[in-house]
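To keep things clear, I will list the structure first and then write my remarks on it.
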Amino acid sequence: MTVRRTHKGGFTLVEILIVVIILGILAAIVIPQFTSASQDARKNSLTSQLQTIRSQLELYKLQHLDQLPSTMIGSTPDWSQFINKSDNTGTTGTATSLPFGPYLQSAPTNTLNGKTDVLVVTADQTLGAAATGASNKGFVLNKNDGKIWATSSLFGYIFDESNTSNTVNDN
């Protein structure tokens, strides 16, 4: 009489460990790519937002006797003249008779650092370089010519939208 051996189906501990190790290696390769993709999406969003702000600043200047919003270049800069209707002198209100604006639906938020505050300067800024006083500010505005930049997630640096690599100053 021959004895039949039954072979139970299943995986050995070694086989399971090998699969777990392979999954761990794959996860270590894939997860950093997703992190990079989300950072790239924030950068692309900010670049698009900057283009919108710049075009709306130009429109504001055209409609307001070539002047920048006075609330943006004052002692405590804000976006109020940009998010409300106004007349050609910049006086804001909610009356439907006011002919201009609003230029933005709400104050823009820098997608890299979550800040909306504006630092007003009198000289152009160097992309990727540190900006004095830009700490905890979302945007930097040159009040002499109306150019505007965003700050990086490190706050003290000017976001370089032309640089697509992940340099320290853009992060």
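Every read-out reported here was derived from the displayed coordinates using simple, explicitly stated rules and does not represent laboratory data. All values reported here derive from a predicted model rather than from experimental measurement. As a convention, Cβ positions derive from the backbone with ideal geometry for all residues, glycine included, and neighbour counts pool all protein chains shown.
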Only one of these is assigned to a loop (DSSP other than H, G, I, E, B), surrounded by 13 or more Cβ atoms within 10 Å (Cβ to Cβ), at positive phi and not aliphatic (A, V, I, L, M): 128, 133. Name it.
128
Just give me the residues in the stretch 52-88 being out of contact with any helix residue (DSSP H, G or I) (no Cβ under 6 Å at 6 or more places or on another chain), under 17 Å from residue 140 (Cβ atoms) and hydroxyl-bearing (Ser, Thr, Tyr), in sequence order.
52, 75, 76
Residue selected from the stretch 1-40 under the condition within 44 Å of the chain's Cα centre (by Cα) and among the polar types (S, T, N, Q), by the criterion nearest to residue 160 (Cα to Cα):
39
Does any residue in the stretch 105-119 that is over 16 Å from residue 54 (Cα atoms) come within less than 8 Å, Cβ to Cβ, of a residue that is assigned to a loop (DSSP other than H, G, I, E, B) and among the hydroxyl-bearing types (Ser, Thr, Tyr) six or more places away or on a different chain, and which pairs are these?
112/152; 112/153; 113/152; 113/153; 115/109
Could you figure out which of (1) touching a residue at least 24 places away in the same chain (Cβ under 8 Å); (2) over 21 Å from residue 147 (Cα atoms); (3) surrounded by 15 or more Cβ atoms within 10 Å (Cβ to Cβ); (4) hydroxyl-bearing (Ser, Thr, Tyr) isn't true of residue 36?
(3)
If you go through the stretch 74-102 one residue at a time, how many are aromatic (Phe, Trp, Tyr) and in a strand (DSSP E or B)?
1
Of residues in the stretch 139-164 being in a strand (DSSP E or B) and of a type outside the set (A, V, I, L, M, F, W, C), the one surrounded by the fewest Cβ atoms within 10 Å (Cβ to Cβ):
142
Please indicate, with yes or no, whether at least one residue in the stretch 89-107 is under 30 Å from residue 33 (Cβ atoms) and in contact with a helix residue (DSSP H, G or I) (Cβ under 9 Å, 6 or more places away or on another chain).
no
Which of the residues that make up the stretch 39-73 are assigned to a loop (DSSP other than H, G, I, E, B) and in contact (Cβ under 8 Å) with a residue 40 or more places away in the chain?
68
Would you be able to tell me the number of residues in the stretch 108-133 that are within 18 Å of residue 42 (Cβ to Cβ) and touching a helix residue (DSSP H, G or I) at 6+ places or on another chain (Cβ under 7 Å)?
5
Flag if residue 23 is more than 24 Å from residue 138 (Cα to Cα) and part of a helix (DSSP H, G or I)
yes
